[in-house]
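This report concerns only the one structure given below.
Where a number appears in this text, it was derived from the coordinates with a stated rule and is not lab data. Remember, predicted model here, so these are calculated numbers, not experimental data. Neighbour counts run over all protein chains shown; Cβ positions are idealised from the backbone, glycine included.
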Amino acid sequence: MTSTIVYKGNLRTELTHLQSGTIIENDAPTDNNGKGERFSPTDLLATSLGSCMITTMAIKAADMNLNFDDTKIDITKIMSTDAPRRVVEIKVAFHFTNKFIATVEQKLQLERIARNCPVEKSLHPEIKIDVTFSW
């Protein structure tokens, strides 16, 4: 097993990662009867995409001896306006620090790595994924 989920009431769940014991609380969003005090399930979906992209890039950057520290991603999740409720677009905006120095070819390699991360390859093709890299 990977994780367990316990419903805690008031549209909140507690997610436990079994290997590490890490716990994340999750809320329904305010636009769907929730309090919005925690990540919603669809927030986690969109954020997982960014986390996967930046992690796979960091692995490659380390192999290239590039300083990838403090690289940041801004995630914007866009929901459908009609039924059924679903994520229709995820915007991923990468921001690199002035510590990050790479050749054009290295940057292209890292972009390809990001766009082939396991989470992106697992998402439905109808979800638009808009990625920008601010080198």
> Counting only residues that are of a type in the set (D, E, K, R) and touching a Lys or Arg at 6+ places or on another chain (Cβ under 8 Å), which one in region 14-36 is surrounded by the most Cβ atoms within 10 Å (Cβ to Cβ)?
Replying inline: Asp27
> When only residues in region 37-56 that are within 18 Å of the chain's Cα centre (by Cα) and in a loop (DSSP other than H, G, I, E, B) count, which is surrounded by the most Cβ atoms within 10 Å (Cβ to Cβ)?
Replying inline: Ser40
> Out of the residues in region 75-129 that are in a strand (DSSP E or B) and of a type in the set (D, E, K, R), which is surrounded by the most Cβ atoms within 10 Å (Cβ to Cβ)?
Replying inline: Lys77
>> Checking the condition in contact (Cβ under 8 Å) with a residue 24 or more places away in the chain and under 18 Å from Met64 (Cα atoms), which residue from Lys99, Lys91 passes?
In response: Lys99
